[in-house]
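Have a look at the structure below before the remarks.
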C-alpha cells in the first residue's frame, strides 16, 4: 500500500479516505491537491511526487467529467513493485536534532499538570533540545472515567500553553496527547504538534484504540468513551526531514510505521502509556522492531509511574536508533531523556542494508 502524492502534515479535519480502508485494500492512492481540501499538503512535494510517478510510468489520472477546479482520485491495486528509494533518500543526512522526551508525573489537577509540563518543556529547551515530546495524556489521568471531564477543544488552556511554549522557545513541540473534544462532539485521544513559530502543523488522533483484556491482569477499553482517528500524520521539519506521529497502541500496528517510512519519514514518535503488564513484555521490543523494520529513529515517551493512579504506567521512555540500539532510556521516575537524532545513521543503515530496494510487497503474494 502506497499513498501517492499526498502529504499529511496536519489534519484539521479527518480525511474522507480512511487509513484502515486503504490498508485493507492493499491499494495505491493517486490524486490531486484539490481533492483533499481538509488536509494540508506540501504543493512542492506533491509536484515532485507526481513528476517522479510520471517518469516511472505510474498511474496519475484526472476525471474527464470533473470541472477544472477539481480532479478525481483513483484507487487501484498495485501490479508492479514500488520504487520508493527516491523518496526515502531525499533528505539532508547532515542534520542532527536534539530530542527530549518528558516523562511527566501526571496527577488529578489539570492546571498543575499543564504547569508542570510547561516547566519541563522550558528545562528541555534550555538544555538544547529542539524537538520535544510530552507523554500520552499529560494533562489528565489515563482513565476512561475522566476523559469527558478533562476534554477540551483546540484553543483551550492546554493547547494555548503548547503554542506559546513552542513559539517562545523556538522548538518543535509534540504535545503528547490530551482528550480532545472535536467539533463533531466526539472525544479523541489527540496529539497537537507545533512548529518553532507556534503554529499548529499537525493533529494526530489515535487511530488504534486501546481495547484489551488480559485475564487476571488488565482490562481496558478506550472505545467506551473515545473515537478513533483515521488520518496518519507526517510533519515536515525541512530539508526533506519528516517525522511520523503515532500514539501508544498505534505502535503495535506495523503497517502505520511502514506507511510513514515509505512516505519518507526518518523519525517516528509515539507518546504512549504502556502498563505494568504490557510494558515489561512489549514496550522496548516494539520500539526496536519498528526502528529496524523501517530503518528509522523511534522515540516513545511515557508518563512517569504514579502509584496513586488507577492506571499504573510502565515509564521507561526510550529512543531507539535505526540499527535497533537504545540511544537513551530511563526507568519510571519523573525525568527528561535526551538523544541526538543523527540522520547520517539513517542514511548509513539504508545504504548498507537496502531492504526497501529488495522488498517484495504484500501485493506480490497471496495472503
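Remarks
- Its relative contact order, with pairs defined as Cα atoms under 8 Å and 6+ residues apart, puts the range 176-292 at 19 percent.
- For 311, 97, the sequence from fewest to most other C-beta atoms within 10 Å is 311, 97.
- Mean projected area of the Cα convex hull of the range 96-352, taken over all directions, amounts to 12.3 nm².
- Antiparallel DSSP beta bridges within the range 96-352, percent to nearest 5: 70
- Per-peptide average of other Cβ atoms within 10 Å, ordering 263-269, 138-144, 283-289 highest first: 263-269, 138-144, 283-289
- Antiparallel content of DSSP bridges confined to the range 80-234, in %, to 5: 70
- Placing a label point 7 Å from the Cα of residue 212 along the Cα-to-Cβ line, the residues of the range 310-347 whose backbone N sits under 20 Å from it are 310-320, 330-333.
- Ordering 258, 161 by the number of other Cβ atoms within 10 Å of each residue's own Cβ, fewest first, gives 161, 258.
- Under the shape rule built on the C-alpha gyration tensor, where the axes satisfy a ≥ b ≥ c, the range 158-306 is oblate, since a/c reaches at least 1.5 while a/b does not exceed b/c.
Throughout, read-outs are computed from the coordinates displayed, never taken from laboratory work. Nothing here was measured: the structure is a model prediction, and the numbers come from that model. When we count neighbours, we look across all protein chains shown, and the Cβ atoms used for this are built from the backbone with ideal geometry, even at glycine.
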